[in-house]
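Everything below concerns the one structure shown next.
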Amino acid sequence: MGADSDDNDDNDDDDDDELPRLDLQTTAREDNAQAYFRPSPLSTLHDDVPDDDDNDDDADACLQPPSRVQVQRREQGKPQSRRHPLGVDLVLIFRSSPGKVLSRPQARENARQAERQYSKLLGALSKGGLRAVGKSGENDGQLLVLVSCPQSTLSRLAQRERHSDFVSGLPTADPTASLDLDATPLSPADHLRLVHTYVTSTVSDGGLGIAPGSTDWDRVESIMMLHDHAFNDEWIRSWTQRELGFVKFDKIRYQFGEAIALYFAFLSYYTKYLIAISAVGVYFFFFHEPYSSIYSSVLLLWSIAFVESWRIRQRILSVRWGTRGSFRVEKRRAQYVPIAWWQKDLRMITGLPVILLFATVLAALLTSMFLFEAFVTELYTGPGHRFLSFAPTIIVSVVVPRFLKIYHSYAVAFTDWEDHAHQSTHDGSLTLKTFSLSAIVEYLGLALSAFVYVPFGEEVMTFVQTFIERDHTAAGVALTSSICSALPAGATARAKAAIASASASASGARRVFGKGLWEMDVTSARTKLSPTRLQDQMFASTVTNQVVNAFIEIGLPYVLRAVSSIRRGKGLGLSHSSAPAGGKEKKRVMFEDEAGEADAPKKADGKDKAFMEDVWQQVALPDYELFEDYSEMVTQFGHVALWSTIWPLAPLMALTNNWFELRSDAFKIARHVRRPIPARTDTIGPWLDSLSFLSWLAALTNSALVYLFRPSDHCKAVGTSLERKHVALRGGEASTRQLLLTALLVAFAASHGYIVARVLVRHVLERLLWRGTVEEQEAEHVETVVKVQYLKSLGVADVASTEADEGDGTTAADEQGDAELFWADDEGLAELGRETKEA
């Protein structure tokens, strides 16, 4: 683990060869881009907009730093990714029409509203010191507004972020020092993050307030950034060249920001941690008894050690990257409306019953499908019984995703209603709501198999069989009595007897029909219970499901893109053009807003069209969601920590999957989604709490599994306890009630044991991984050093030191002399001598 923490610093020279050295000539780039971002005719409506150079004071008053700049460059000389040749920083997707048929008056009104908001948008961007031009989108009613941030505006944003970080106590350089972006250019992530945060931050926070979803900008669908195809191609190529190696996080951080880099750091760290438990699992699978108490204990300690060591690891990375405490400078959400604290807490509490209702309905649905699939389908012997077993799977595959989609809409609505001030807390609350139900879907089936099907499968099968075989005679008699009582008093006894006879015949027919459709033999029914059900489910969860997820992430987007391209008559459309971002020749783009100018150049040539087609392709891609990747890894950790006692090869399968997952996630980011929006963070947020909860739950499940299923004869068992007598029941004296009570006591003891183990592991790891490290010393002294430098730059520290020195020179000698006389004059012996004489 210590070697891993120094991995980035030890391989800087190798990284320089693996990724392309990129141009740093920012000023020359801007000169070339000036021609493509000419003022729009719509911006001439705002004649009062001053020039950037003449408006420094006004801009200083209105441009509040949206975030922090990485001014502390620990690795000088790192290659910086070049900016897009045209200087395009952001792309705003503007919807000019609602996408449905409108009447002529409605269309005219919609056009006026769209033009009014579009003009307002360009005016706001121009007043904010940004260059913006419009271009037609690929779809009807879609406009693309390309935004570029001049060097002067970017310098002001960077300097203000430095001031904001200093005021908020974040590690930063001397805030009074000048910032030369030509000499020390920003990384692409910091550059894009500054511009994006400035555009989307509220006006009260110094931004422009152009946030998708806000009431003032309801036609702005989203804001995205363009991919650097040259970096992406080299990034993917470096993965294939590394063979068994792992990623270097600094390159990802410079290109995509700390949030993405922290995810890859987490995935890499988790994958390396799986190596040890995979080796242990292989040994216990082949050379030891199943459901071993030793393996389950090692597994529990491993899960605790991973969670606690990652807690320290992310702290080290946040100090190394200078992002520790970044939540203190996070800007408020555009949708935030200040309310009292008790109102916010009340809203959170109000949403709990709805969440619990959805969780209960989902658990009931999954449980009913489990019982139907595990028992009813095994007893049914009628027509189509071979296909009936697929019915629960089909039902779950169709109903559960739709149910989760409905729940997600309610979860989003409740989270919005909670009115979180910052995006991080908003995302954290939504993550906990969403992942809680996802965990029910992932783990409930295994829990039912482990704690219902295996130990009590025979009893449940007998109950289901008895319910199916139940004689319907009582029901038939009741039905006949009700019909006869409803007949009029004048009805003949013969009619009543005929009805009763028909009812009895129908009842007998039902019994005969039931014998032909269901397995009636109790002994034969019990043999249908699968002794390897748990192992089969674990294999499906750790192997089959992960293969399917890999296809959904990598292969399915190609299929969907090909289908969409064929429907539009453009062929397969699977290629990704990298020429616009990686080519040497600068592209010239002609925008519609410039068409009416007298000096308008010629229309865009084929190369300009290729550039815009690349933009259209990226606009059509979905947004990247960190939630999906974190959810996949945390769910996998749950399968390993909670259930690998059932199948000790599960960690090895997870390790194999994650080696490919590191590469598939990089490929997905580079090819199948929009460029991630850079964000600063110092933690993985609520996912760390989820990992802690799962490690605690692992103590309960592992102890219960070992108690229920460990062999009594200390020999390797083939399947589960269905093939042998339970250790607690081998004498035939224990009842089901005693078994459950003992299992609860074991789980209760394991829960307390987990608390003690976590305290000890955290204490040891803190001293091994954190105490005495460079990051700990830096975390303790960085704020003091920056403040001392700031005071010295103002001359305050030197003045205070000089005054103290002068004061010491004039008064210290006299005070010291008086003190020496005081301490030298002892009156105790003299007083004792006087008392002795008097006595």
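With K and R counted +1 and D and E -1, the other residues having a Cβ less than 10 Å from that of THR202 yield a net charge of +2. With only the Cα atoms considered, region 611-674 has a convex hull volume of 69 Å³ per residue. Here the Karplus curve 6.51 cos²θ - 1.76 cosθ + 1.60, taken at θ = phi - 60°, turns the phi angles of region 309-320 into couplings of 6, 5, 4, 6, 4, 5, 5, 4, 5, 5, 5, 5 Hz, with x standing for Gly and Pro.
Other residues with beta-carbon under 14 Å from the beta-carbon of LEU829 carry, at +1 per Lys or Arg and -1 per Asp or Glu, a net charge of -3.
Here the Karplus curve 6.51 cos²θ - 1.76 cosθ + 1.60, taken at θ = phi - 60°, turns the phi angles of region 832-837 into couplings of 5, x, 5, 5, 5, 5 Hz, with x standing for Gly and Pro. For region 356-415 and region 182-216, what is the separation of their Cα centres, given in Å? When both Cα centres are located, 44 Å separates them. Which of the residue pairs LYS251/LYS405; LYS120/LYS331; LYS127/LYS331; LYS100/LYS433; LYS248/LYS668; LYS251/LYS433 have a Cα-Cα distance greater than 29 Å in the structure shown? Long pairs (Cα-Cα over 29 Å): LYS251/LYS405; LYS100/LYS433; LYS251/LYS433.
Between the amide H of GLY207 and those of GLN64, THR202, distances stay under 5 Å, these residues lying 5 or more places away or on another chain, with hydrogens modeled in the peptide plane. Across region 92-108, computed HN-Hα scalar couplings (Karplus, 6.51 cos²θ - 1.76 cosθ + 1.60, θ = phi - 60°) run 9, 8, 10, 9, 8, 9, x, x, 9, 6, 10, 5, 4, x, 5, 5, 5 Hz from first to last residue, x flagging Gly and Pro. Amide H to amide H, with H built 1.01 Å from N, TRP518 comes under 5 Å of THR381, counting only residues 5 or more places away or on other chains. For ARG347, what is the net charge nearby, where nearby means another residue's Cβ is under 9 Å from its Cβ and Lys, Arg count +1, Asp, Glu -1? Within the 9 Å Cβ shell, the charges total -2.
Any read-out appearing in this document is the output of simple, stated calculations on the displayed coordinates, not a laboratory observation. It should be emphasised that the depicted structure is a prediction, and the values quoted were computed from it without experimental measurement. Backbone-built Cβ (ideal geometry, glycine too); neighbour counts: all protein chains shown.
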